[in-house]
Amino acid sequence: MLGMLAVKALLKPLSWVFRGRYPGKGFIVTGLVIVIPVVLMAVLAPLVSPYNPIKGGREWLKPPCPAHPFGTDNLNRDVLSRVIWGSRVVLAVVLTSALLSASIGIPLGLFSGYVGGRVDRVVSLFMDAMYAFPGLILAIALASVLGPNIINAAIAISVVYIPTYFRMGRGQTMQVKANLFVEAAVAAGASSWRVLLKHVLPNITPTLTVVATMNMADAILTEAGLSFLGFVVTPPTPDWGFDLRAGQPFLLSGYWWPSLFPGAFILLLSLGLGLIGEGLNEVLAPKEYRI
C-alpha cells in the first residue's frame, strides 16, 4: 500500500512534463524515462528485489538466466538484487552531496557577488583554487582522510562541487544586481538580505537548478570512482562502483556480468540526469545564461 502511494506521489507531478510542448522536451522526457525507474527501484527495493543482496546461494558465477536475470557473482549473490539495493547507496550519496554543496556554494556566491570588494576577491580566489584542482583527485584525498562511509563520501563529493555553485551564483548575482528593479529596491530602503532573498535569488534559481542537475550527473561518476577504490562502502554492502571493481578480476575469464550490469547502471543514471539537465537548460535558462 505504501509502495503504491509512493509511486502515485512521484508520478502525478510529472504528468505535465509528458503532455506539454516546450523546448528541450525530448531531452527531459528521455532523461525521466531513464531516471524514474531507477528512483522507483531504490524506493521499492525491499519489494522488487528477488533475493537477499548480501546472502549468497549455491550457484557461483552463474550466467544470466530466468532465475537470475543478471546472473550471480563470485560469492553466489544475485547481481540483480545487488544492483537494486546498490541504487539506494548511489542516490543517497549523490543527493546528500548535492544538498551540502548547494547549501554552502549558493549562499557564498550570493553574498560574494552582491557585496563585492575585498571580500569578493578573497572568497573568489579561494574558490578558484579549489575549482582548479582535479575534482576526482580532491574527492579521493578527502575520502581517504575521512574513511569509507556513505556520509563521508557525500561530504568529500560535496566539497568538489561547492566552487561550481559559488561561481555560478556569484556570476548570476552580479548580473541581476545591476538591473533597475534591484536598484529601485535598494533606493526604497530594502535591506541587503531582503534584496538577495526576494529579488536576486528568485531570478537566478532557474539557472542554479540546471547546474544542480548537471552536477548530480557528474557526481554519479565521482561516487562510482570513489566506490571503485573502496571509499564509500565496506563489504558486503551493495554499491555499483564497488561491485564493478569486485567483478573486474573475472572479466578475462569470461565472467562479464558481475561488472557489466553495475557499470551499465552507472552510465545510464548519469546519462539520464545529464539529459534532464540539458532539457532544463533549454526551458529555464535564458539564452545569455545557458550553460
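Comparing the stretch 158-267 with the 2.2 N^0.38 Å rule of thumb, its C-alpha radius of gyration ratio is 1.69 (two decimals). Here the contact order of the stretch 71-289, divided by its residue count and restricted to Cα pairs under 8 Å and six or more residues apart, works out to 27 percent.
Multiplying the residue separation of SER103 and ALA67 by 0.36 nm and removing their Cα-Cα distance gives an extension gain of 8.5 nm. Round to the nearest 10 and give me the degree value, 0 to 90, for the angle of helix 25-43's Cα axis relative to the longest principal axis of the chain. Rounded to the nearest ten degrees, it is 50. Protection proxy ranking, highest mean first, for peptides 215-224, 263-272: 215-224, 263-272, where packing is the per-residue count of other beta-carbon atoms within 10 Å, averaged. The distance separating the Cα centre of the stretch 69-145 from that of the stretch 264-279 comes to 16 Å. What the Cβ-Cβ distance of ASN52 and VAL283 gives, at R0 = 45 Å and to the nearest 0.05, is a FRET efficiency of 0.60.
Size check on the chain: the Cα extents along the three principal axes, sorted descending, read 76, 47, 32 Å. Stretched out straight at 0.36 nm per residue, the stretch from MET174 to ALA187 would grow longer than its current Cα-Cα span by 2.9 nm. With the helix formula -39500 (n - 2.57) applied to DSSP H stretches of n ≥ 4, the chain reaches a computed 222 nm mean residue ellipticity of -23000 deg cm²/dmol. For the stretch 168-184, putting each phi into the Karplus relation 6.51 cos²θ - 1.76 cosθ + 1.60 with θ = phi - 60° gives couplings of 5, x, 5, x, 5, 5, 5, 6, 5, 5, 7, 6, 5, 5, 6, 4, 5 Hz, in residue order, rounded to whole numbers and with x for Gly and Pro.
When the chain is treated as a Gaussian network with alpha carbon springs shorter than 10 Å, the biggest mean-square fluctuation among PRO262, PRO238, PRO249 belongs to PRO249. For the chain, modelled as a GNM whose springs connect Cα atoms under 10 angstrom apart, the maximal fluctuation among LEU252, LEU110, LEU99 occurs at LEU252. Per-residue 3J(HN,Hα) values for the stretch 271-283, derived from phi via the Karplus relation 6.51 cos²θ - 1.76 cosθ + 1.60 with θ = phi - 60°, read 5, x, 5, x, 5, 4, x, 5, x, 4, 4, 6, 7 Hz in sequence order (x marks Gly and Pro).
Any read-out appearing in this document is the output of simple, stated calculations on the displayed coordinates, not a laboratory observation. Because the structure is a prediction, the values reported are computed rather than measured. Backbone-built Cβ (ideal geometry, glycine too); neighbour counts: all protein chains shown.
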